[in-house]
Amino acid sequence: MTGHRRVRLPGHRLGRRFGWLWAAYGASALGTWLAFGALPLIAIRVLHAGPAEVAALSSVGAAVGAAVAVPLGPWVEFRRKRPVLIGADLMRCAALLTIPVAFALDALTFPQLLLVSVVVAAADITFRAASGAYLKTLLPAEGLLVANARFESTAWTTTIIGPPLGGAAIGLLGPVATVAADAVSYLLSALGIRATGGHEPRPERREAPRLRAGDLLDGWRYILADATLRPLFLNTALFNGLVMAAEPLLAVLMLGRLGFAPWQYGLAFAVPSVGGLIGARLARPLATRFGRHRVLVAAGTLRALWPVGLAFPGPGGGGLLLVMAVELGLISCCAVFNPVYATCRLERTATDRVARTLSAWTVTTKATTALLTAVWGVLGALLGPRTAIALAGVLLLATPLLLPRRAAALPREPKPTPSRT
């Protein structure tokens with residue numbers, strides 16, 4: 001992690017190849033938000049699934065997808081990343097397209113939805129692992145923070161415009177149409193990544209002829225052995241898991257006991273997403289002025305202070321404004337933190353370890369989120385949603401203790417290290 005290193009990029013131009021990668025990211029992100037919640041809605045409206053089946057679609061699909069993705073990290077590491085990215089996009093596109101086709105043939109089943117969710121989850125983890133490695137080879141080190149800030153800004157932009165457009169499309173055309181739109185977005189992403197062109201060097205091949213069981217743990221070993229990556233890893237897994245675990249309970253509290261209408265609930269999260277745009281724009285200037293480590297610790301600490309406020313909204317306009325204010329503060333701090341943390345993670349990771357490291361990171365984050373969501377569902381039933389949300393908020397106050405305590409010098413890029421034989 002760097003301290004006060006100043007980066008000078010002419011006009012912040014990252015080149016045509018990054019432009020195509022950025023466009024591909026925007027297309028797939030917009031498609032994802034257009035179809036947000038479409039699979040559970042199809043399960044409920046088309047297949048008349050019950051609560052247990054809908055919960056399984058979200059939790060089991062993600063968990064199995066994460067398990068399937070574990071061996072893909074080492075596999076991706078020793079292959080060119082651009083073909084892997086294109087393949088992951090095409091796999092997600094093909095899997096999602098089976099839904100409208102089966103619907104048209106009156107052959108759609110719940111096991112098919114579950115299988116699609118598994119394939120999409122596994123492909124998503126694989127894509128994330130390969131995209132980080134590809135970005136590190138595509139740009140010089142001084143361009144990584146600018147690139148990650150642009151991705152963060154795009155993510156929040158699509159969060160603002162995607163769900164309202166998707167909701168309108170679902171109302172006019174039905175949820176199956178938004179799934180088809182999501183599939184097309186992955187096709188557009190694949191075309192954008194293909195358009196990046198250029199030569200990508202082939203990674204040095206492993207010495208071992210076959211993938212061994214011990215190789216599956218390489219990503220976790222690398223993370224836990226690094227004094228900077230280890231606390232970041234624990235911090236982000238716990239923070240993301242606790243924040244996401246409280247979201248269903250907040251929905252129960254607002255839509256149930258407090259009597260908010262669905263459009264008010266949506267508004268409470270859509271409007272504060274503007275803070276994501278502001279935070280993403282501020283990330284690089286703040287890091288340049290104060291140093292990345294200070295910004296990382298400050299934003300990581302501030303974001304942990306907000307969620308406990310979600311336990312205190314009351315009914316009416318005052319309660320709605322409280323939720324919006326808390327979400328605005330939380331999202332703004334996260335949008336500053338995320339690009340700096342993503343850049344630090346890439347810079348701290350050796351080039352020949354990026355795919356395995358990011359794969360292990362994403363698998364752990366998804367598994368932790370699934371586990372904590374299940375636990376907080378039980379706590380919500382036993383203690384009530386407000387008390388369970390407050391408990392998550394109190395625990396989040398301790399997460400800044402897991403942030404790196406001092407700025408670490410960037411390690412010299414080592415020569416590619418073959419896996420254990």
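Derivation of every value follows stated rules applied to the coordinates shown; laboratory data play no part. Note that this is a predicted model, so its numbers are computed, not measured. Glycine gets a Cβ as well: all are built from the backbone with ideal geometry, and neighbour counts include every protein chain shown.
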What does the extension gain come out to for Arg79 and Ala141, with contour length at 0.36 nm per residue minus their alpha carbon separation? 20.2 nm
Neighbourhood charge, 14 Å Cβ-Cβ cut-off, centred on Gly275 and excluding it, Lys, Arg +1 and Asp, Glu -1: 0
If R0 is 41 Å, what FRET efficiency do you get for Leu321 and Ala168 from their C-beta distance, rounded to 0.05? 0.95
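Would you please give the FRET efficiency between Arg230 and Val60, computed as 1/(1 + (r/R0)^6) with r the Cβ-Cβ distance and R0 = 30 Å, to the nearest 0.05?
Between Arg230 and Val60 the formula returns 0.50.
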Quick one: which of 395-406, 64-75 comes out on top by average Cβ neighbours within 10 Å, and what's the full order, highest first? 64-75, 395-406
Net charge contributed by nearby residues that have their C-beta within less than 9 Å of Tyr186 (K/R +1, D/E -1): -1
Distance between modelled label sites at Thr288 and Leu191, nm, 7 Å Cα→Cβ extension: 3.5
Using R₀ = 45 Å, calculate the FRET efficiency as 1/(1 + (r/R₀)^6) where r is the Cβ-Cβ separation of His199 and Leu383; round to 0.05. 0.20
What distance in nm separates the two pseudo spin-label positions at Ile44 and Leu397, each 7 Å out from Cα along the beta-carbon direction? 3.5
Once the piece of chain linking Ile278 and Val101 is laid out straight, how much longer is it, given 0.36 nm per residue of separation minus the C-alpha distance between them? 59.7 nm
Highest mean first, how do 31-39, 248-256 rank when packing is the count of other Cβ atoms within 10 Å averaged over residues? 31-39, 248-256
Using only the Cα atoms of the stretch 305-377, build the gyration tensor, take square roots of its eigenvalues as a ≥ b ≥ c, and label the shape rounded, prolate or oblate: rounded if a/c is under 1.5, else prolate if a/b is larger than b/c, else oblate. oblate
With contacts defined as alpha carbon pairs under 8 Å and 6 or more residues apart, what's the relative contact order of the chain in percent? 29
Where labels lie 7 Å past Cα in the beta-carbon direction, separation of Leu305 and Ala94 in nm: 5.1
When the label point is put 7 Å from the Cα of Val271 along its Cα-to-beta-carbon vector, which residues of the stretch 146-173 have a backbone N closer than 17 Å? 160-161, 164
